[in-house]
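Trainee: This is the structure I want to talk about, given as structure tokens.
The values are calculated or read from the model by the stated rules, or taken from the named source; none is laboratory data. Computed from a predicted model, the values in this text were never measured in an experiment. In this analysis, Cβ positions are derived from the backbone assuming ideal geometry, glycine residues included, and neighbour counts consider all displayed protein chains. Heavy atoms of the whole protein, side chains included, go into the accessibility calculation; ligands, DNA and RNA do not. Shrake-Rupley method; radii C 1.70, N 1.55, O 1.52, S 1.80 Å.
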Amino acid sequence: MAARQPFADADTADEAVRATCDDATTCKRFATSKGYWKDSSLQYFVRNVGERKAPEINRGYYARVQGVNLLLDAFLKKTQGHCQVINLGAGLDTTFWRLQEENLLPRKLFEVDFPTVVARKIHHIKTKPPLSKPIIDVHSTDSLLLESHVLDSDRFCIIGADLRDVPGLDEKLRRFQLDPELPTLLLSECVLVYMTPSQSSSLVHWAAQTFHTAMFINYEQVNMSDRFGQVMIENLQRRRCALAGVELCQSLDSQKERFLRAGWDQANALDMMAVYSVLPQDDVARIERLEFLDEKELLQQLLQHYCICWATKDRLNLGETRRRLHVSGGGAARRCWTSSGRPPSLTSRVGSASLGLSQLAF
């Protein structure tokens, strides 16, 4: 979402941001075709696998998808599905179909994106039974709403809206049964960076004020002040795609501060190199056998310039039981379970060569 007037579909900057939806989807399509992870629904949004993507790109998307899914699934299991999910800037995301297949659906999953992106997604759903049938299967009445910029069913809702217009976003979500009293997970992937700091702060503040028990997962760029980060910015600028919020992507601390200043109780962040190191190591070993990686330093640089930041509010004390994934000395992962009444914590102790990712959701 670039810093422009709401619904300015003809605006060049907004068009460039919308194009990033296709970029991400085609990259995911190629990675799944190589076996990095399974996604049975993606083929209905992108038919052709497309041109070959570099192994470091495939591993980067693998880390992104698996890291976000770990947090999302932990939240769903912690709340036993008694929650709602809001995917901000969802694009052609397939999370609904994965969760439906794995019997992990929340009470309702909302997706929001530009109206033109939403229209494309709804067209795919309307014309492809493998996409529409799972929605119908979990819908209990005959009154499923299906319009050009809105799909609304019992468990899934897609809304065309501009995230920079927070009052308009709030009104549309409430119109389709958003419940502020339910535990809520908000997700954004490379979305806030296309908004000005004041615009993204308004959105993050709205979420903190609206939901008393919530988690916000944000995946986007980090460490953007070094030379590698500057090259990333220049490459996007050549495509007329400006990172209007890049000043908040200077460090993990700046990412966390965005949420803390907006009223969230706690914020944690990991760059994707750290996330990659705490993913289940048997599966990491499997995907590393899929393709030979010559440019290991390039992969490391790439992963160090993206991060996952998550913020929480926990009035319902969902963080009573904590799950710990622990990696020490850069070796294989081992799991242990602990119980604590303390808030969630994430510790990164570089000096002792150990990293703990504690209580993935709360």
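Trainee: Going by the alpha-carbon gyration tensor, a ≥ b ≥ c the square roots of its eigenvalues, is region 25-73 rounded (a/c under 1.5) or, if a/c is not under 1.5, prolate (a/b greater than b/c) versus oblate?
Mentor: Oblate shape, in that a/c is at least 1.5 and b/c is the bigger or equal ratio.
Trainee: Another one. How much solvent-accessible surface does residue 260 expose, in Å² to the nearest 10, with a 1.4 Å probe and all protein chains in place?
Mentor: 70 Å²
Trainee: Let me test this: with uniform point scatterers at the alpha carbons of region 97-216, what is the Debye-based log₁₀ I(q)/I(0) at q = 0.12, 0.13, 0.17, 0.19 1/Å?
Mentor: -0.46, -0.55, -0.94, -1.15
Trainee: Then there is this: Tally up the carbon and sulfur contribution to the accessible surface of region 26-314 as a whole percent, 1.4 Å probe, everything protein left in place.
Mentor: Answer for region 26-314 is 48 percent, counting heavy atoms of protein chains only.
Trainee: Label points 7 Å out from Cα along the Cβ direction at residue 257 and residue 80: separation in nm?
Mentor: Roughly 4.2 nm, to one decimal.
Trainee: Could you calculate the contour length gain from residue 144 to residue 124, that is, 0.36 nm times the residue separation minus the distance between their Cα atoms, to one decimal place in nm?
Mentor: Fully extending the segment from residue 144 to residue 124 adds 5.6 nm.
Trainee: Hey, which of these cross-link pairs are over 29 Å Cα-Cα: 53/172; 133/313; 28/126?
Mentor: Over 29 Å apart, Cα to Cα: 53/172; 133/313.
Trainee: Next up: May I ask you to list the aspartates and glutamates whose Cα is less than 19 Å away from that of residue 78, ignoring any residue fewer than eight positions away on the same chain?
Mentor: Output for residue 78: 101, 102, 179, 181, 265, 314, 320.
Trainee: How much area per residue is accessible in region 26-314 when the probe is 1.4 Å and only protein heavy atoms are counted (Å²)?
Mentor: For region 26-314, the solvent-accessible area averages 41 Å² per residue.
Trainee: While we're here: Just to be sure I understand the model, the point goes 7 Å from the Cα along the line to the Cβ. What's the resulting residue 290 to residue 104 distance in nm?
Mentor: 1.7 nm
Trainee: Going by Cα centres, region 59-122 and region 151-172 are how many Å apart?
Mentor: That distance is 15 Å.
Trainee: May I pose another question? Are there trypsin sites (Lys or Arg not before Pro) in region 253-315 that DSSP marks as loop and that have at most 11 other Cβ atoms within 10 Å, and which are they?
Mentor: For trypsin sites (Lys or Arg not before Pro) across region 253-315 that sit outside H, G, I, E and B with at most 11 neighbouring Cβ atoms in 10 Å, the list reads 289, 315.
Trainee: For 73, 137, give me the order by solvent-accessible area with a 1.4 Å probe, most accessible first, ignoring ligands, DNA and RNA.
Mentor: Accessible-area ranking of 73, 137, largest first: 137, 73.
Trainee: Let me ask something else. Could you quote the convex hull projected area for region 26-314, Cα atoms only and averaged over all directions, in nm²?
Mentor: That works out to 14.6 nm².
Trainee: I've got another one for you. Amide H to amide H, which residues 5 or more places from residue 111 or on other chains are under 5 Å from it, using H placed in the peptide plane?
Mentor: 87, 157, 158, 159
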